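So the structure is just underneath, and the comments pick up after that.
The values are calculated or read from the model by the stated rules, or taken from the named source; none is laboratory data. Keep in mind the model is a prediction, meaning the values are calculated, not measured. With ideal geometry, Cβ positions are generated from the backbone for all residues, glycine too; neighbour counts draw on all protein chains shown. The protein model used for the area step is the full one, side chains on, heavy atoms only, and it has no ligands, DNA or RNA in it. Shrake-Rupley method; radii C 1.70, N 1.55, O 1.52, S 1.80 Å.
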Amino acid sequence: MPKDGIGASIKRREDVRFLTGTGRYTDDINLRGQSYAWFVRSQVAHGKLNKVDTTAAAKMPGVLRIFTAKDFEGVGGLPCGWQIHDRHGKPMLEPKHPVLAEGKVRHVGDPIAVVVAETEAQARDAADAVVIDIDELPAVLDMKAAVAGGPLVHDDIGSNLCYDWGFVEENKAATDAAFAKADHVTTLELVNNRLAPNAMEPRAAIGDYDFATDMHTLYTTSQNPHVIRLLMGAFVLGIPEHKLRVVAPDVGGGFGSKIYHYAEEAFVTFAAKQLRRPVKWTATRSESFITDAQGRDHVTKIELALDKQGHFLALRTETYANMGAYLSTFSTAIPTYLHGTLMAGTYKTPHIYVNVKAVFTNTVPVDAYRGAGRPEATYQIERVIDKAARELGLDPLEIRRRNFIKADEFPYQTPVAVVYDTGDYDATMNKLESLADLAGFEKRRAESAKAGKLRGLGVNTYIEACGIAPSHLVGQLGARAGLYESATVRVNATGGVVVMTGSHSHGQGHETTFPQVIAEMIGIPVESVEIVHGDTANVPMGMGTYGSRSLAVGGSAMVKATNKIIAKAKKIAAHLMEASDADIELKDGKFSVAGTDKSVEWGAVCLAAYVPHNYPLESLEPGLEETAFYDPSNFTYPSGAYACEVEVDPDTGHVKVCAFTAVDDFGNVVNPMIVEGQVHGGIGQGIGQALLEHAVYDGNGQMIAGSFMDYAMPRAGDLPFYKVDHSCATPCTHNPLGVKGCGEAGAIGSPPAVVNAVVDALQRAGKKVSHIDMPLSPYRVWSAIQNA
Amino acid sequence: MPKVTMRVNGREVSGEVEGRTLLVQFLREGLGLTGTHVGCDTSQCGACTVHVNGLQVKSCTTFALDVDGAEVTTIEGMANADGSLSVIQQAFQDHHGLQCGFCTPGMVMAAAALLKENPKPTEAQIRHHLEGNICRCTGYHNIVKAVLAASGQDVSAIAAE
Ligand code: FES
Ligand code: FES
C-alpha cells in the first residue's frame, strides 16, 4: 500500500479543527453591524392570504424593517433547474415560487413576512406581533386525490399534475405485449416513505453588501456555492456574477438538502442591500422540518413478468411522485431521469416501461435526498424480485443470479437509455455470500428462535448512476445547466500545490483525499498539497457536490489540470537539463532524462517557473498554474450486493438489525477509510428509512413529525456495526481515475435488504405477509403479524 | 441586565445576559466559543453538550444564569495543555469517527463524560450513553469504535479500517 497516495487510509486533516471546536460553519460567522432576520411562516397548509399587518410589530424594540411580498415585486421566483417533457412532448407545468408568499400560502412553513432587527430575540419577538389574515382552504395531500380533481395548489396552472412522464415511451407497446404472453406476473404496490434529510447543521445564511463597490456576498450552508450564485444572481435578484460572491464555509452535512436555492438565501442578500447592513438568518430545527426540501415520497405499482424458470421478461411501473407545493431546484429530475433510468437494476430485463406522475400537494417541496430517485428504483425492483422468488419457489439469490447481466456482457445497453460501462454482479454476490456467512444463517436462526425471536435474512443488489453527468445528454433531457466540474492547480515557486476545486466537501473529506491524488501523480508528499473550495471568489467555477460526483467529475478535472502542469513542468525540466521534452520522465518528484543520470527536482523546476532566469521564455510563459474543465462522457455505475439479518419480536413487532453486510463495487478507491465511512453513513440512513423515519402529515397538512421528539432519527442504539467490503472493483472505463463514487450507495442499497429480511422472518414463521410499507415500525409489523 | 460569572475552560469570564439567554448562546455569542453547536430546539440532538461542574449537560436547555459560579468545559477546552489532541479526540481522528464534524463536539463531550464514570464501557453501554447525541453522517459505527479505542480496548476485530 502506498504511504499516503492513492489507496492509503490516511487520517483526515480536517478533523483537527472539528475536534477542537475551531471549524467555521455559517452560523459561527458574525459580521460587523450584523442584523438578524426572523421569518413569519404560514401555520396552515393552504390558504388565501388577505392581509399582513405589520404596524404593531414595526414599533417593537430593535426592529429595523419588516419585509412582505410587496417588497419583492420585480424580483424573480426561485427557479427549477430541470424542465421535463411529458409523454406527449408537452413541457411540465411550472408555477412561480416566490421568495415570500404572494396572495396564497401553499404549505405549513411557506414564508409570509420577515422581520429584521438588531438582535435575534428582538426579531423573534416582533415576528410574533405580525398579524396575518388568512382564509384557510382545504389542503390537498393525497397524490391520487390531487390529480383526480382535488383543490388546486396553484390556481393559475389549472392542474395539480406537473407532468405525466413515460420512459421510454416507445417501449410501452412491447412491454405490454411481453406481459400479455408471460407465464407469471408478480405485482406489488408500495410506498417509498417521505423523509426529512436532517443534516445536523440547520441551514443558515448571511447577506452582506458593500455599497462602495456594489458587491454582494452571501455566506450560506450550500453544497454548491457557484450554482447558488448562478440561480440567485441570474433568475431571482438580477445580480451579475462579478458582483456576487457566494461562500459555503464548513457545512455540517447536506445529503441533498443543501443543493437547492432557498428563499432565505435570496432574502438575506436582498435585504442586506436595502438595509446596508449584514443580515443573518439561522434556521431552528423546527424550521428545518417545514422548509428544507424533503426526500422520496413515491407511491408505486410495480409489475414484473417472468417465465417459468424465473427469467425476467418485462417490467412495468406506475409511480406518483410528490413534488410538494413548489418545484425545488432539482425536484423534477429525481423521479424521472434519476429513477427511470435505473429500472433495469443489475438485471437483463428486455422490456421496461416506467410511468411517473409528478404531483403538487400542500406539503414541503420534495427534492433529492441521498440517493435521489435511485433508492426509489432499487427498492421497487428488489422488493418485487423478492416477492416473485417466493411466488415461484426460487431462492432469492438464485433468481437474481439467473437474471444478472454477466461480467462479459459490458458495456451493456439497458432498455432505459443508459449504457453500463463495467460491473461484475456475480462477483459481488459471491463475496456477499461468504462475507455475510449466509451458510451459517440457519444456525443463527435457530439460536434466535430459542430466545423467542423470529430471524430473517434479506438480500438485494443495487446499481446507481453517479458522476452526473454528460452535459450534452442532460441538456437534451431538460437540464438548464451543464454538469461538468472545474479545477485550478496552482504550483507555488517553492513547489507547494494549491488546488481550487468546484467540488464542495461537507463531510466527505476532500481536503484529505484530493491531495492524495495529486501527491501520487507528482510524487510529492500529501502535506505539499492544499485544497481550496466553497468560495466563488477563489474557485473559477463549480457545479458542486451531489450525486456521488466529487471524485468522478471534480477529481477528473483535477487530474486533467495536473496533467497540464506536468506537461509544462517537463518542458521546463527539459530546458534546465538541455534535453528534449519527449525524453523527460517524472517519478517520485524528480524529473530525469531517460537513459541518463541527469535529473532535476520538482522544487527546482517550480522555482524556475517563477524565477525564470534560465528559462525558454521565447516558447513558454513563466508560472505554473493550469485550469481544466472535465465533462464526463457517461455516468458511472457503482453497484453492490447487500445482506441484512433481523430479529423480529413477535409480541411487540420490534425489529432489531442484527447484522448488515455491504459489498460494493466503487471501482478504484483513493482512501478506503473514508469510503467505508461513507458506506456506514448511507446504511445508517437506509436503515433509518426502513425502520424509523417518516415525515408524516396529518389530514390538514400539519407536519406531525416536525421535531426530533417526533421524527425518529436513527440513534446509536438502533444500529449495529456493519461489515463493508469494496474489493470486487471493476474500474470505471471512462474517467482517468477509474472511480465510480461511493456517497449514496449505502442509502440506496440498504432499505430493501431490511424489508426483505423482515418479510422473510415473518414468512419463515408461517405468517403470510408479502409486504409491509416503510417505516417498519413495531406497530406496523405487529399489525401485519396479527392480520396474517 | 443581570450579570453572570463562570469559569469556562479554566478562565474566569463574566457578561450581561437576559433571563432567557441560554448557556449555548452565552458561549457562542458572548464568548465566541463557537465549537458548541445548536442542532435542534427540543433538547434531542446533543450537539450542544458541554460539561458543567464535571457533569454532561445540554447547553441549549440550560439558562446562562443558572450556571453562575460554575465550572464549564467546552470542546475548546478538551485538548491537552500543549495543544495536542486528547486521547478521545485522537481516537475520533484515528478511527474516522467524524465526517461533517457538526455533531462531533457534542459526541466528544458525551464520550468524555462516559469514560470518566465508566473507563471500560461495552459496545452496548456506549450506544446507550450516546442516545442523546444524534449523528447523521457516520451511522455511528466509527464513533462507537473510537470510544472503545479511547478506553484502551482492542478494536481490531471490528470490521473496516
Ligand atoms: S441543540 Fe441541544 S440538544 Fe440539540
Ligand atoms: S459527523 Fe456529521 S453529524 Fe456527525
Q: Give the relative contact order (percent, whole number) for the range A:455-534; include only Cα pairs under 8 Å separated by 6+ residues.
A: 23 percent
Q: Would you work out the charge dipole size for the range A:470-589 about its Cα centre, treating the Cβ of every Lys and Arg as +1 and the Cβ of every Asp and Glu as -1, and quote it to the nearest 20 debye?
A: 460 debye
Q: Treat the range A:316-360 as a sphere of radius equal to its Kirkwood radius over Cα pairs and apply Stokes-Einstein at 25 °C in a medium of 0.890 mPa s; give the translational diffusion coefficient in µm²/s, rounded to a whole number.
A: 214 µm²/s
Q: Specify which residue in the list A:GLY507, A:VAL105, A:VAL670 is farthest towards the positive end of the charge dipole of the protein assembly as shown, using unit charges on the beta carbon of Lys, Arg (+1) and Asp, Glu (-1), about the Cα centre.
A: A:VAL105
Q. Relative contact order, percent, of chain A when contacts are C-alpha pairs under 8 Å separated by at least 6 residues?
A. 15 percent
Q.
Just to be sure I understand: if I project the alpha-carbon convex hull of the range A:484-630 onto a plane and average over all orientations, what area do I get in nm²?
A. 8.7 nm²
Q) In Å, what is the Rg of the alpha-carbon atoms in the protein assembly as shown, and how long is Dmax? A) 28.0, 86
Q.
Report the Cα centroid-to-centroid distance between the range B:1-36 and the range A:180-235 in angstrom, as an integer.
A. 35 Å
(Q) How much of the DSSP bridge set in the range A:232-379 is antiparallel, in percent, rounded to the nearest 5? (A) 45 percent
**Q.** C-alpha long axis of helix B:141-150 to longest principal axis of chain B, angle in °
**A.** 80 degrees
Q) What net charge is computed for the residues neighbouring B:ARG127, neighbours being all others with C-beta under 14 Å from the C-beta of B:ARG127, Lys and Arg scored +1, Asp and Glu -1? A) 0
Q.
I want to check a number: in the range A:635-788, how many lysine pairs have alpha carbons closer than 24 Å, given a sequence separation of 8 or more or different chains?
A. 4
Q. Which percent, to the nearest 5, of DSSP beta bridges fully inside chain A are antiparallel?
A. 80 percent
Q: Using only alpha carbons, build the gyration tensor for the range B:3-77 and give me the equivalent ellipsoid semi-axes, biggest first, whole Å.
A: 17, 14, 11
Q) What is the pair-distance distribution P(r) of the range A:700-756, computed from all Cα-Cα distances in 5 Å bins starting at 0, with each bin given as a whole percent? A) 4, 11, 13, 18, 15, 13, 9, 7, 6, 3, 0
Q | Shielding of A:709-719 by partner chains, average beta-carbon count, 10 Å | A | 6
Q: Among the lysines, select those whose C-alpha is under 20 Å from the C-alpha of A:LYS11, and discard any that sit fewer than 8 residues away in the same chain.
A: A:LYS3, B:LYS145
Q: Would you mind getting the Kirkwood hydrodynamic radius of the range A:615-731 from its Cα pairs, rounded to one decimal in Å?
A: 18.6 Å
**Q.** Computed Rg/Rh of the range A:46-115, alpha carbon atoms with Kirkwood Rh
**A.** 1.12
Q | Diffusion coefficient, µm² s⁻¹, Stokes-Einstein with Kirkwood Rh over alpha-carbon pairs of the range B:87-150 at 4 °C and 1.567 mPa s | A | 115 µm²/s
Q | Solvent-accessible area of A:HIS261 with every protein chain in place, 1.4 Å probe, in Å² to the nearest 10 | A | 10 Å²
Q | Centroid-to-centroid separation of the range A:520-588 and the range A:270-285 [C-alpha atoms, Å] | A | 39 Å
(Q) Net charge within 13 Å of A:LYS258 by Cβ-Cβ distance, Lys/Arg positive one each and Asp/Glu negative one each, not counting A:LYS258 itself? (A) -3
(Q) Could you tell me which residue out of A:ILE518, A:VAL553, A:GLY496 lies farthest along the dipole of the range A:484-630 toward its positive end? Charges go on the beta carbon: Lys and Arg +1, Asp and Glu -1, centred on the Cα centre. (A) A:VAL553
Q | Top positive-direction residue, dipole computed over the range A:562-604 with Cβ charges, set A:ILE565, A:LEU586, A:TRP602 | A | A:ILE565
Q | Percent of C-alpha pairs per 5 Å bin, the range B:35-97, short to long | A | 4, 16, 21, 23, 19, 11, 5, 1
(Q) Whole angstrom only: what separates the Cα centroid of the range B:106-156 from the Cα centroid of the range A:342-390? (A) 37 Å
Q: Set the Förster distance to 22 Å, then compute FRET efficiency between A:LYS70 and A:GLN43 from the Cβ-Cβ distance, nearest 0.05.
A: 0.55
Q: Quote the charge dipole size of the range A:161-319 about the Cα centre in Debye, to the nearest 20; the model charges only the Cβ of Lys and Arg (+1) and of Asp and Glu (-1).
A: 520 debye
Q) For chain A, what is the charge dipole size about the Cα centre, in debye to the nearest 20, if Lys and Arg each add +1 at the Cβ and Asp and Glu each add -1 at the Cβ? A) 720 debye
Q: Determine the relative contact order of the range A:309-385: mean sequence separation of Cα pairs under 8 Å and six or more apart, normalised by residue count, in whole percent.
A: 45 percent
Q. Share of Cα-Cα pairs in the range A:80-211 beyond 26 Å, in percent?
A. 52 percent
Q. Among bridges DSSP assigns within the range A:484-630, what percent are antiparallel (round to 5)?
A. 80 percent
**Q.** Along principal axes, Cα extents of the range A:1-80, largest first, whole Å
**A.** 68, 35, 27
(Q) What does the net charge come to around B:ALA111 if you take all other residues with beta carbon closer than 14 Å to its beta carbon, with K and R at +1 and D and E at -1? (A) 0
Q) Which residue, B:THR104, B:THR122, B:THR74, tops the fluctuation ranking in a GNM of chain B built on C-alpha contacts under 10 Å? A) B:THR122
Q | Extension gain (nm, one decimal) between A:ASP142 and A:ASP214, 0.36 nm per residue minus Cα-Cα | A | 21.2 nm
Q | Radius of gyration and maximum dimension Dmax of chain B, Cα, Å | A | 15.9, 56
